[in-house]
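J.: This is the structure, below, for whatever I ask next.
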Amino acid sequence: MDDVANALAGSRLAAPELWAELQPYRFEDQYHLVRTHRRFVTWGLCELLCGESVRLTAVDPERAVESAELAVLLSDLLKEEEPGCARRLYRLRGYAWAHDGNARRVQGDLRNADESFSIADAWWEAGAELGDALGYEPMFLELKSSMRIAQRRFPEAFEILDRMYAIHAAGGGDGHLAGRTLLKKALALAEMGEPEQAIGLLQRAEPMISRERDPRLFVCLRHNLLWNLATLEAYAEAKVLLPEVAALFRELGNPVDLLRLRWAEGRVAAGLRQTEDAIQIFEGLRQDFAARGIGYDAALVTLELTALYAQAGSMADVKRLSLEMAGIFQTQEVPREALAALLFFQKAAERERATAKLAREIGAFLEKLRSDPGLRFERLR
């Protein structure tokens, strides 16, 4: 092991103790301490904070951004010889900025996330001669692919995902991570409205993913297989999967996961013309989503419920639900076009012209709008 490798190993070993010292402070104080106390300016702490940012995205997006900002600050304060050559530092800066962009993406701040990724790309390319000596490339590509999917820049996302797959599937690579890459590509295909292709990739990924290594990833795969089967209207196949996926979700014990399972269950019941069961599921589900402040999903479920009532000719229920949907959205921060679509539906319901077809069209628009905020509701024009 050369001097640089020894220095990096020592820095990484000392990082948890430095972070334990900083953790009790507010973010503003952490930032000040890092700027004014040179002993905190270490390579290992920068890497550790990048990892913290990824971990926190699922539980506390605001703190995820703060951790990434500290990592960016550290990468900026480090000098070229701490340790090694300039190209190593350039790669670290690109890595830190990519984590900053990722955390902002999770927060929904795509504009600033894109700026962070532009800076990340510039630093990353500046250190390109180094290759992947630091082992950062798989995670850098992972974060960037998530950004491109969020931006609906799917061709770029697929190009990045193919590079990731090649890295993980190469001789001596990691089959589990290769499977995770295929799963991610399947999720992107589902967002593009290609459930059949998504199912093919999910089936290909399944034997590669280790349930013991990452139980949640395995459950995610099985749930997405169920969801895409329902989207394809393969309701009988989807129903067979329901008990297994339900058992997997109960093992994880995440209440929101169970809500999403019930959503799939309601769709399957509706598709199999078990209308009373579907109505009962959707009525309870939309209330549970609303109670948890997940208003967007509450509205989507309500539209599916409204379509069932419209099919049954129960216009009183259609009117009631359209008023409740608009009320939920008006009390939350939602895209203007989403509110416009629901108000359009509400007016149609008032005139008793809200059909099941219209409810599904509005629901499909809201689904697309969630991942493509630039969409416009053309029916108003």
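The values are calculated or read from the model by the stated rules, or taken from the named source; none is laboratory data. None of these values were measured; they are calculated from a predicted model. Counting neighbours? That spans all protein chains shown, and the Cβs are built from the backbone with ideal geometry, glycine included.
J.: Could you tell me which of the residues 111, 91 is part of a helix (DSSP H, G or I) and in contact (Cβ under 8 Å) with a residue 24 or more places away in the chain?
T.: None of the others qualify; the one that does is 91.
J.: Still on this structure: Say we look at the stretch 359-378 and pick out the residues that are without any contact (Cβ under 8 Å) to a residue 24 or more places away in the chain and assigned to a helix (DSSP H, G or I); which of these is nearest to residue 308 (Cα to Cα)?
T.: Of everything passing the filter in the stretch 359-378, 361 is nearest to residue 308 (Cα to Cα).
J.: Please list, ordered by first then second residue, the pairs with beta carbon atoms under 8 Å, 6 or more apart or interchain, first in the stretch 211-225 and not assigned by TED's automatic domain parsing to the domain that holds residue 180, second among the hydrophobic types (A, V, I, L, M, F, W, C) and loosely packed, with under 15 Cβ neighbours inside 10 Å.
T.: Every condition considered, no pair remains.
J.: Let me ask you something else. For the stretch 30-73, enumerate the residues that are part of a helix (DSSP H, G or I) and of a type in the set (D, E, K, R).
T.: Residues satisfying the conditions are 35, 38, 39, 47, 52, 55, 62, 63, 66, 69.
J.: Which one of these is modelled with pLDDT of 95 or more, closer than 24 Å to residue 204 by Cα and not charged (D, E, K, R): 238, 278, 269? Reasoning before the result, please.
T.: Numbers: 278 fails: closer than 24 Å to residue 204 by Cα; 269 fails: closer than 24 Å to residue 204 by Cα.
Matching residue, one of 238, 278, 269: 238.
J.: Now for a different question. If you take the residues of the stretch 38-55 that are surrounded by 12 or more Cβ atoms within 10 Å (Cβ to Cβ) and without any contact (Cβ under 8 Å) to a residue 12 or more places away in the chain, which of them is nearest to the chain's Cα centre (by Cα)?
T.: Among those residues, the one meeting the criterion is 55.
J.: Oh, and also: Would you be able to tell me the number of residues in the stretch 200-222 that are closer than 18 Å to residue 149 by Cα and either among the acidic types (Asp, Glu) or at pLDDT 95 or above (or both)?
T.: Number of matching residues: 3.
J.: Part of a loop (DSSP other than H, G, I, E, B), out of contact with any Cys (no Cβ under 8 Å at 6 or more places or on another chain), without any contact (Cβ under 8 Å) to a residue 24 or more places away in the chain and surrounded by fewer than 20 Cβ atoms within 10 Å (Cβ to Cβ), is that true of residue 200?
T.: No.
J.: In this structure, does residue 21 turn out to be at negative phi, surrounded by fewer than 19 Cβ atoms within 10 Å (Cβ to Cβ) and among the charged types (D, E, K, R)?
T.: Yes.
J.: Would you confirm whether any residue within the stretch 174-193 is assigned to a loop (DSSP other than H, G, I, E, B), within 25 Å of residue 151 (Cβ to Cβ) and at pLDDT below 95?
T.: Yes: the stretch 174-193 contains one or more residues that are assigned to a loop (DSSP other than H, G, I, E, B), within 25 Å of residue 151 (Cβ to Cβ) and at pLDDT below 95.
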